[in-house]
Amino acid sequence: MEFAERVPRRRLGVHGPEVPLLALGSWNTWDRMDRDDAAELVRLAVDRGANMFDVAHYNFGPHAENAVTDVLFGQAVRDAGLAREDYLLCGKLWLWEYPRSSFAEQIEVSLDRVGTDRADMVVVGDFMERPDLHAVVRDVSELVRAGRFASWGVNNWSACDVLFACRFAAAEGLVPPSFAQLKYNLARRSVPEGALFAKLYAEEGLALQASDVLEGGILAGKLDPERKIGADPGGIRDRIRAAFPEVKRIAAEFGVPPAQFAVAYTLAHPAVANVLVGVSRAQQLEDGLAALGLAARHGDELRAAAAGLWLDKGVVDPAASWGTDAPSAQGRDAVPCT
């Protein structure tokens, strides 16, 4: 069923802007589309109110793949005739080569590739070895002061590291992170639904931005995606594939395709400010929009029905950083989490 209303908006954390509850990701998306189709999809998303786009320059660390998806996004925006004020841009800053590759240099290159002079917010990426978090917060805050973006979040950091960043920023009069972009779907719940992040939502005003909500398409029925998809913390991806018939069965009970059910599950979490979906066809966008209505009508029922699909329970420690697959973020090198 088509969702006829405009996408609702929520605040992206107490220090963040209002954003659409449904937003579009970019990894391996725009480079899989014809130019005209990309422009049409961008225009449709903006017209329906899903006018936030998560766009990154993927050329650092494990993402050093010479992707041009960000360049193609900028082209699609221009082809669609959109003004900069028509959409929200969420960029990324990477820690893989930081501080040798400074945030100031990264944002300059990234924005230039899109064809704009500012983002609205950025996500500071995950890491294998913990950087100097004092320097990270200072450097990001400096770019906020310089007008390159207005707010920031983190990608798959441990809750303890996020808490440290929030408290250090408060103590130093700097800009704290307002949201956490976390892997979150029917199967992967231990970190975003864990007690440590719940404390951050409640006490620090942090918002949750859900990513990888379809597990690269597996939860939509594409059990062997041809494109590159995200990491597999806990090594549960084969279990997710094996669970798809149950996902399909439960979705059918609600009269919807599996993708709608999977997206709606994450939308129903009270801390979620927005959910990132990767779409390359107008129908996929419509499915995402329809999930908004499904979550509004049956949120609690969806979450109850999906109780048995929590596959990383007891496998991934809620205190762990997704990026490192560490057994716990509270080991000898951890940032205090109290």
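The values are calculated or read from the model by the stated rules, or taken from the named source; none is laboratory data. Computed from a prediction, not measured in an experiment: that's the story for all the values here. Glycine also receives a Cβ, built like all others from the backbone with ideal geometry; neighbour counts cover every protein chain displayed. SASA here: full protein model, heavy atoms, side chains in, ligands and nucleic acids out. Shrake-Rupley method; radii C 1.70, N 1.55, O 1.52, S 1.80 Å.
The residue that is most open to solvent (accessible area, probe 1.4 Å), among those in the stretch 41-98 that are part of a helix (DSSP H, G or I) and among the basic types (Lys, Arg), is Arg78.
So that you can scan it fast, the table gives a plain yes or no per residue for (1) closer than 24 Å to Met33 by Cβ; (2) out of contact with any helix residue (DSSP H, G or I) (no Cβ under 7 Å at 6 or more places or on another chain); (3) open to solvent by 30 Å² or more (accessible area, probe 1.4 Å):
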residue: Gly234; (1), (2), (3): no, yes, yes
residue: Tyr265; (1), (2), (3): no, no, no
residue: Ser280; (1), (2), (3): yes, no, no
residue: Ala306; (1), (2), (3): no, no, no
residue: Leu309; (1), (2), (3): no, no, no
residue: Val316; (1), (2), (3): no, no, no
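The residues of the stretch 107-141 that are over 15 Å from Pro177 (Cβ atoms), open to solvent by 50 Å² or more (accessible area, probe 1.4 Å), modelled with pLDDT of 95 or more and not hydrophobic (A, V, I, L, M, F, W, C), listed by number, are Glu108, Asp112, Arg113, Gly115, Asp117, Arg118, Asp132.
Looking across the stretch 183-200 at every residue that is touching a Pro at 6+ places or on another chain (Cβ under 8 Å), open to solvent by 10 Å² or more (accessible area, probe 1.4 Å) and part of a helix (DSSP H, G or I), the one that is farthest from Ala243 (Cα to Cα) is identified as Leu196. So is Val42 touching a Lys or Arg at 6+ places or on another chain (Cβ under 9 Å), aliphatic (A, V, I, L, M) and modelled with pLDDT of 95 or more or not? Criteria not met by Val42. Of the residues screened, Gly217 is one that is in a helix (DSSP H, G or I) and at pLDDT below 95. Residues in the stretch 30-83 that are of a type in the set (Gly, Ala, Ser), farther than 20 Å from Val7 by Cβ and touching a helix residue (DSSP H, G or I) at 6+ places or on another chain (Cβ under 7 Å): Ala56, Ala67, Gly74.
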